[in-house]
Amino acid sequence: MNARNRFAGVVVLVVACTLAGCSESIFHAQGPIGAANSQILLNALGIMLVIVVPTIIGVLVFAWWFRSSNTRARYQPGFVYSGRIELIVWAIPLLVILFLGGVIWIGAHALDPFRPIETRDEPVEVQVVSLDWKWLFIYPELGIASVNDLVLPAKVPVHFSLTSASVMNMFFVPQLGSMIATMYGMNTQLWLQADQTGEFYGQSSQFSGDGFSGMNFVLHAVPQDKFEQWVSTTQQTGPALDAEGYRALLQPSQNVSPFTYRTVAPHLFDDIVTQKFPPGPGPQASGDAPAIRPAAGAQ
């Protein structure tokens, strides 16, 4: 093995080890929805390998058997048709398609974003608004809100209602599963749950302009008492999110540091969905817009 091949082997090994340690992968699921998503992908991979692996083996076997030095291989220049070969060539792909279709059919119903997670715990309601280029999280039952920071109790189902104040976007927490679209004038829904405490990376998974790279957040799954403590602290500090505050937040801004609102105007999310507020300027606005962060009482 020459130096170039050895170097290539080391690079492949390092990359493989690095990817294996990624804790934010969809295959490192931390909730029931994420685990089900991962299982569907693994099942689909297994089904496809049923045809991929034998095909690769067959190519190698044919290349070895019909090598020029093998005098036992029969040369048949007049060969045109074989019913047995046609049966194998068409039957295996058809079976793969049927199995994949079954997996997709079952998964599409079992993981319907509108389908509640079965539990005895009272779910937490969170309203999500994608803006340029930040995330607004409203807790309607608690009367508070946060920007680019999502705090939730662990082991409790969460019902998300999602919309966009500007262009279409995608809400995605890879370890919890189920990417979902946010669209202006529409209310989509999603159910998620974190099975254990921790910090989980969340992002916008659809390009939406210059500030897209900074449009991410951290989902903090905390024990119930810690969540109640956070709610109590948030209700006592930070600015109020009223119509004027929302219009200021609506303006494009990049790399916005997390902060919270102690109060939220009633029915703000519904007013956004029903388009009582104008849409945001969108990606055509200046890419050099400064980050928005309330000066008074912000966290």
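The values are calculated or read from the model by the stated rules, or taken from the named source; none is laboratory data. Predicted model only: the values in this text are computed from it and were never measured. Glycine also receives a Cβ, built like all others from the backbone with ideal geometry; neighbour counts cover every protein chain displayed.
Points worth noting:
- Residue within region 112-134 that is surrounded by 16 or more Cβ atoms within 10 Å (Cβ to Cβ), within 26 Å of P279 (Cα to Cα), touching an Asp or Glu at 6+ places or on another chain (Cβ under 9 Å) and hydroxyl-bearing (S, T, Y) present: no
- Annotation note: of W135, W191, the sole residue that is over 20 Å from S208 (Cβ atoms), in a strand (DSSP E or B), aromatic (F, W, Y) and in the same structural domain as G209 (by TED's automatic domain parsing) is W191.
Quick grid of which residues meet (1) crowded, with 17+ Cβ neighbours inside 10 Å; (2) in contact with an Asp or Glu (Cβ under 9 Å, 6 or more places away or on another chain); (3) at pLDDT 95 or above:
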| residue | (1), (2), (3) |
| --- | --- |
| I144 | yes, no, yes |
| F160 | yes, yes, yes |
| A165 | yes, yes, no |
| V173 | yes, no, no |
| G185 | no, no, no |
| A194 | yes, no, no |
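- Close pairs from region 153-181: first closer than 28 Å to Q224 by Cα, partner of a type in the set (D, E) and in a strand (DSSP E or B), Cβ under 6 Å, at least 6 apart: H159/E125
- Flag for V156 being in a loop (DSSP other than H, G, I, E, B), out of contact with any Ser or Thr (no Cβ under 7 Å at 6 or more places or on another chain) and over 20 Å from G245 (Cα atoms): yes
- Among (1) buried (at least 21 other Cβ atoms within 10 Å of the Cβ); (2) out of contact with any His (no Cβ under 7 Å at 6 or more places or on another chain); (3) among the polar types (S, T, N, Q) - the single one Q203 does not satisfy: (1)
- Checking T163, T237 one by one, the residue that is farther than 23 Å from T274 by Cα and in contact with a strand residue (DSSP E or B) (Cβ under 8 Å, 6 or more places away or on another chain) is T237 and no other.
- Of all the criteria given as (1) out of contact with any Phe, Trp or Tyr (no Cβ under 9 Å at 6 or more places or on another chain); (2) under 19 Å from G31 (Cα atoms); (3) of a type in the set (V, I, T), the one not satisfied by V103 is (2).
- Flag if Q229 is within 14 Å of V147 (Cα to Cα) and either in a helix (DSSP H, G or I) or in contact (Cβ under 8 Å) with a residue 24 or more places away in the chain (or both): no
- All positions within region 256-276 that are closer than 26 Å to S213 by Cβ and surrounded by fewer than 21 Cβ atoms within 10 Å (Cβ to Cβ): S257, P258, F259
For (1) buried (at least 17 other Cβ atoms within 10 Å of the Cβ); (2) more than 24 Å from G198 (Cα to Cα), each residue gets a yes or a no:
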| position | (1), (2) |
| --- | --- |
| G214 | no, no |
| V218 | no, no |
| F227 | yes, no |
| W230 | yes, no |
| Q236 | no, yes |
| L241 | yes, yes |
| L249 | yes, yes |
| Q254 | yes, yes |
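- Qualifying positions in region 253-268 - closer than 22 Å to P279 by Cβ and more than 23 Å from the chain's Cα centre (by Cα): Y261, V264, A265, P266, H267, L268
- Qualifying positions in region 39-81 - of a type in the set (V, I, T), touching a Leu at 6+ places or on another chain (Cβ under 9 Å) and within 17 Å of A91 (Cα to Cα): I47, V50, I51
- L150 being assigned to a strand (DSSP E or B), more than 20 Å from H267 (Cβ to Cβ) and out of contact with any Cys (no Cβ under 6 Å at 6 or more places or on another chain): yes
- Test: residue in region 75-93 that is within 20 Å of T263 (Cα to Cα) and either hydroxyl-bearing (S, T, Y) or in contact with a strand residue (DSSP E or B) (Cβ under 6 Å, 6 or more places away or on another chain) (or both): no
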